[in-house]
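The values are calculated or read from the model by the stated rules, or taken from the named source; none is laboratory data. From a predicted model like this one, the values you see are computed outputs, not experimental measurements. All Cβ positions, glycine included, derive from the backbone under ideal geometry; neighbour counts span all protein chains shown.
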Amino acid sequence: MNHKERKEKGLPYRYDDPEVMGPQLVYMEKLFDFNNTRPMEQAKRQEIMKEMFAEIGEGCHIEPPLNANWGCHHVHFGKGIYCNFNVTLVDDEHIYVGDYSMIAPNVVIATSGHPILPILREHHYVYNLPVHIGRNVWIGSGAQILPGVTVGDNSVIGGGSVVTNDIPANVVACGVPCRVIRAIGEKDRKYFFKDRALDVWE
């Protein structure tokens, strides 16, 4: 089994194998073009995003700079997604993000990791596992979503969290490692932040 086949099966493989790398740098050229657009060039950004992403829905907004080592070629975005500045998508494997999700500044979503065994790292081995982010998820500033993780619909990941395991739907989770703090419920119909009353919801 060659390294390209190993990569496709989710097995450890050598990332520096030329067959594995393929057109990676070509995809990154598109990302470079996106990151070098001017603030008023919103239409141009939208056109480039359609070329960059595996899938991208209507109404997505991404603030440059965006970082992605395969230029978002393996990233699937639903509609209405917002990414703030300096999001990093380590997209060696596929990343799926559902409709209306929000990703805050400096978030990292990583599908790739390195084996613990030192000799494997010395020989440039890596592994990839897909990441699934549900619909209407909010990922707070500086959070890190690690390989193989699924975050359920409507959940909130607190800023600075390191998400090492799956997070269910409809919860608030935070910490290092990230853990469920509470369910989203009636309190959230009354208050938008701590004791500040919500006045826009009927």
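So which residues in region 88-108 are surrounded by fewer than 22 Cβ atoms within 10 Å (Cβ to Cβ) and in a strand (DSSP E or B)?
Just the residues of region 88-108 that are surrounded by fewer than 22 Cβ atoms within 10 Å (Cβ to Cβ), to begin with: 88, 93-94, 96, 99-100, 102, 104-106, 108.
Passing the criteria: Thr88, Tyr96, Met102, Val108.
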*Is it fair to say Arg45 is of a type outside the set (Phe, Trp, Tyr), loosely packed, with under 13 Cβ neighbours inside 10 Å and farther than 30 Å from Ile119 by Cβ?*
no
*Looking at (1) touching a Phe, Trp or Tyr at 6+ places or on another chain (Cβ under 6 Å); (2) more than 24 Å from His61 (Cβ to Cβ), find the lone condition where Asn136 falls short.*
(2)
*With the condition kept exactly as written, say whether any residue in region 57-71 is within 14 Å of Ile133 (Cβ to Cβ) and at pLDDT 95 or above.*
yes
_Options Gly80, Gly10, Gly22: the member that is within 23 Å of Leu129 (Cα to Cα), within 21 Å of the chain's Cα centre (by Cα) and among the small types (Gly, Ala, Ser)_ = Gly10
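Does Asp153 satisfy the criteria of being more than 26 Å from Glu63 (Cα to Cα) and at pLDDT 95 or above? Steps first, answer last, please.
Details: more than 26 Å from Glu63 (Cα to Cα): no; at pLDDT 95 or above: yes.
It is false that Asp153 is more than 26 Å from Glu63 (Cα to Cα) and at pLDDT 95 or above.
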_Suppose we keep only residues that are over 14 Å from the mean Cα position of the chain (by Cα) and β-branched (Val, Ile, Thr) within region 93-139. Which one would you say is nearest to Ile81 (Cα to Cα)?_
Val126
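I'd like to verify a number: residues in region 123-134 that are part of a loop (DSSP other than H, G, I, E, B) and farther than 19 Å from Pro105 by Cα, how many? Talk me through it step by step, then tell me what you get.
So in region 123-134, the residues part of a loop (DSSP other than H, G, I, E, B) come out as 123-124, 129-130, 134.
Checking the rest, the ones that are also farther than 19 Å from Pro105 by Cα come to 123-124, 129-130.
Residues that pass the stated criteria total 4.
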*Does any residue in region 68-87 that is in contact (Cβ under 8 Å) with a residue 12 or more places away in the chain and more than 20 Å from Asp99 (Cβ to Cβ) come within less than 9 Å, Cβ to Cβ, of a residue that is of a type in the set (S, T, N, Q) and assigned to a loop (DSSP other than H, G, I, E, B) six or more places away or on a different chain, and which pairs are these?*
Phe85/Asn106; Asn86/Asn106
*Which pairs have Cβ atoms under 9 Å, sit 6 or more apart or on different chains, and link a residue in region 23-40 that is in contact (Cβ under 8 Å) with a residue 60 or more places away in the chain to one that is of a type in the set (Phe, Trp, Tyr)?*
none
*Give me a count of the residues in region 135-154 that are within 14 Å of Val172 (Cβ to Cβ), in contact (Cβ under 8 Å) with a residue 24 or more places away in the chain and assigned to a loop (DSSP other than H, G, I, E, B).*
6
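What residue, among those in region 1-40 that are aliphatic (A, V, I, L, M) and in contact with a helix residue (DSSP H, G or I) (Cβ under 9 Å, 6 or more places away or on another chain), is surrounded by the fewest Cβ atoms within 10 Å (Cβ to Cβ)?
Leu11
Would you confirm whether any residue within region 37-45 is among the aliphatic types (A, V, I, L, M), outside any loop (DSSP other than H, G, I, E, B), at pLDDT 95 or above and within 30 Å of Asp16 (Cβ to Cβ)?
Start the filter on region 37-45 by keeping residues that are among the aliphatic types (A, V, I, L, M), which leaves 40, 43.
With the extra rule that they be outside any loop (DSSP other than H, G, I, E, B), the set shrinks to 43.
With the extra rule that they be at pLDDT 95 or above, the set shrinks to 43.
Okay, now just the ones that are also within 30 Å of Asp16 (Cβ to Cβ), so none.
Checked against the condition, which is being among the aliphatic types (A, V, I, L, M), outside any loop (DSSP other than H, G, I, E, B), at pLDDT 95 or above and within 30 Å of Asp16 (Cβ to Cβ), region 37-45 yields no hits at all.
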